[in-house]
Amino acid sequence: MVRKLERAVCFQFALDLHTGVPVYRQLIDQVRSGVASGSLIAGNQLPTVRQLAVDLAINPNTVLRAYRELELGGLLETQQGTGTFVANKKPEKNSAERERQLTQIAGEFAARAGAAGFTVEELIDRLQDLLPAQRR
């Protein structure tokens, strides 16, 4: 079952309850992916905890957990009474750590794609489709 939410900032949350990946982790990964791809930019407002929980039919504590982890990581800022926003600064990591993480992610993607019968070229084409139109 896939549940989706469209936002005015053209960002969409989608949960897949059959992957085995915890829902809070899916939310975290989607926000990080949105920032990395440019779909979410500094200053974009995310839905409130309550609204996202209602729209996705999940427990508000799940959304709160994801937002808090992203805030602790410096990716989100919560302003009391105003909402939760993509932070103006990107979280800083040393270049060795970034390279290690990127190598791990690329390897996981390639392995999953290969196991599903896709080539690396097909994976690259699909990843390029995720870029905003102005960056293609």
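Out of Gly114, Gly81, which single residue is out of contact with any Ser or Thr (no Cβ under 8 Å at 6 or more places or on another chain), within 30 Å of Pro47 (Cα to Cα) and either modelled with pLDDT of 85 or more or in a loop (DSSP other than H, G, I, E, B) (or both)?
The conditions single out Gly81.
Are any residues in the range 26-50 in a loop (DSSP other than H, G, I, E, B) and under 22 Å from Phe109 (Cβ atoms), and if so, which ones?
Scanning the range 26-50 gives Gly38, Ser39, Leu40.
Which of (1) in a loop (DSSP other than H, G, I, E, B); (2) over 20 Å from Leu131 (Cα atoms); (3) of a type in the set (A, V, I, L, M, F, W, C) is the odd one out, the single condition Ala53 does not satisfy?
Result: Ala53 fails condition (1) only.
Whether any residue in the range 102-115 is open to solvent by 50 Å² or more (accessible area, probe 1.4 Å), touching a helix residue (DSSP H, G or I) at 6+ places or on another chain (Cβ under 8 Å), more than 22 Å from Phe11 (Cα to Cα) and among the hydroxyl-bearing types (Ser, Thr, Tyr) is what I want to check.
no
Name every residue in the range 127-136 that is surrounded by fewer than 12 Cβ atoms within 10 Å (Cβ to Cβ) and either at pLDDT 80 or above or aromatic (Phe, Trp, Tyr) (or both), in order of residue number.
Of everything in the range 127-136, those that are surrounded by fewer than 12 Cβ atoms within 10 Å (Cβ to Cβ) and either at pLDDT 80 or above or aromatic (Phe, Trp, Tyr) (or both) turn out to be Gln128, Asp129.
Out of (1) modelled with pLDDT under 95; (2) part of a helix (DSSP H, G or I); (3) not β-branched (Val, Ile, Thr), what's the single condition that is false for Lys93?
Of everything listed in (1) modelled with pLDDT under 95; (2) part of a helix (DSSP H, G or I); (3) not β-branched (Val, Ile, Thr), Lys93 misses just condition (2).
Condition first: in contact with a Phe, Trp or Tyr (Cβ under 7 Å, 6 or more places away or on another chain) and open to solvent by 70 Å² or more (accessible area, probe 1.4 Å). Now tell me which residues in the range 36-78 satisfy that.
Selection gives Gln45, Arg65.
So the check is Cβ under 9 Å with 6+ separation or different chains; which pairs have a first residue in the range 27-45 that's within 10 Å of Leu130 (Cβ to Cβ) and a second one that's open to solvent by 40 Å² or more (accessible area, probe 1.4 Å) and assigned to a helix (DSSP H, G or I)?
From the range 27-45, the pairs are Ser37/Arg135; Gly38/Gln134; Gly38/Arg135; Ser39/Ser33.
The values are calculated or read from the model by the stated rules, or taken from the named source; none is laboratory data. None of these values were measured; they are calculated from a predicted model. Every residue, glycine as well, gets a Cβ built from its backbone with ideal geometry; the counts of neighbours run over all protein chains shown. These accessible areas exclude ligands, DNA and RNA; they are computed on the full protein's heavy atoms, side chains included. Shrake-Rupley method; radii C 1.70, N 1.55, O 1.52, S 1.80 Å.
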